[in-house]
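Asker: First, the structure itself, so that you have it in front of you.
The values are calculated or read from the model by the stated rules, or taken from the named source; none is laboratory data. Predicted model only: the values in this text are computed from it and were never measured. Cβ: placed from backbone, ideal geometry, glycine included. Neighbour counts: every protein chain shown.
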Amino acid sequence: MRDIARSTVIAAAVAGLTLSVAVAVGDSAFAQTKQPPTASEASTPAEKPIKQLALTEKQIEGVLAAQKDMAALDDKLPESSNVEPDGKAAAELEAVSRKAGFASYAEYNDVIDNISLVLAGFDPATKKYIGSDAVLKQQIAAVKSDTKMPSKDKKQALDDMKAALQTPAPAIEKKGNIDLVGKYYDKLVGALSGDEDD
């Protein structure tokens, strides 16, 4: 059930890493917690494939409505995705999910996973979908050319991004999700990266 943090971090990784690269990764704590999963993390046996589904506007609006409450619950969840949250935290996740219009936390999490999958392929500069590999390659180039980033942080970021390239994201099966996520791009990036101004 720790998937909320994983999913949010994946979505925020694209926006957060790109934003942090653009400002010379001034906040290394943010950059460290918002990195995409490394190849070894992405291929762990506990990692289940994303259940791809056709997103609806209602689902995206539900995710946006739930983000502040979900982010507040994040501190109550176990660090490992292999550890179930306690009964109280699990009940709170279910309650927030239902309040946002989802049948369950599992449904909410499936929607987050699908949004994250699509967001990973958006170029933050143009806000156009170019694919997650192309975005990672742009980020690698930006980090390589960054003269202000400490060499240790630069090496770690490059290693993580190169490892992520070795584990390609699944192809997007529901092509309509690209347009829908694109329509809500700014709101989703703001909400999922924790930078929402509301």
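Asker: Run Thr167 past the list (1) at pLDDT below 95; (2) closer than 29 Å to Glu61 by Cα; (3) not charged (D, E, K, R) and report the number of the one that doesn't hold.
Answerer: (2)
Asker: Then there's this: Name every residue in the stretch 111-148 that is among the β-branched types (Val, Ile, Thr), surrounded by fewer than 14 Cβ atoms within 10 Å (Cβ to Cβ) and closer than 14 Å to Leu180 by Cβ, in order of residue number.
Answerer: Correct list: empty.
Asker: Next question. State which residue is modelled with the lowest pLDDT when the search covers only the stretch 45-75 and only residues that are β-branched (Val, Ile, Thr) and either farther than 23 Å from Glu173 by Cα or surrounded by 15 or more Cβ atoms within 10 Å (Cβ to Cβ) (or both).
Answerer: Taking the stretch 45-75 first, the residues β-branched (Val, Ile, Thr) are 50, 56, 60, 63.
Next, from what is left, pick out any that are either farther than 23 Å from Glu173 by Cα or surrounded by 15 or more Cβ atoms within 10 Å (Cβ to Cβ) (or both): 50, 60, 63.
On the way: Ile50: 89, Ile60: 97, Val63: 97.
Here the answer is Ile50.
Asker: While we're looking at this one, here's another question. Is there any pair with a first residue in the stretch 83-101 that is in contact (Cβ under 8 Å) with a residue 12 or more places away in the chain and a second that is among the charged types (D, E, K, R) whose Cβ atoms are under 6 Å apart and which are 6 or more apart or on different chains, and what are they?
Answerer: Ala89/Lys76; Val96/Asp69
Asker: May I pose another question? Confirm whether Val181 is farther than 18 Å from Val63 by Cα, under 15 Å from the mean Cα position of the chain (by Cα) and β-branched (Val, Ile, Thr). Give the steps one after another, and end with the answer.
Answerer: Numbers: farther than 18 Å from Val63 by Cα: no; under 15 Å from the mean Cα position of the chain (by Cα): yes; β-branched (Val, Ile, Thr): yes.
Against the criterion (farther than 18 Å from Val63 by Cα, under 15 Å from the mean Cα position of the chain (by Cα) and β-branched (Val, Ile, Thr)), Val181 does not qualify.
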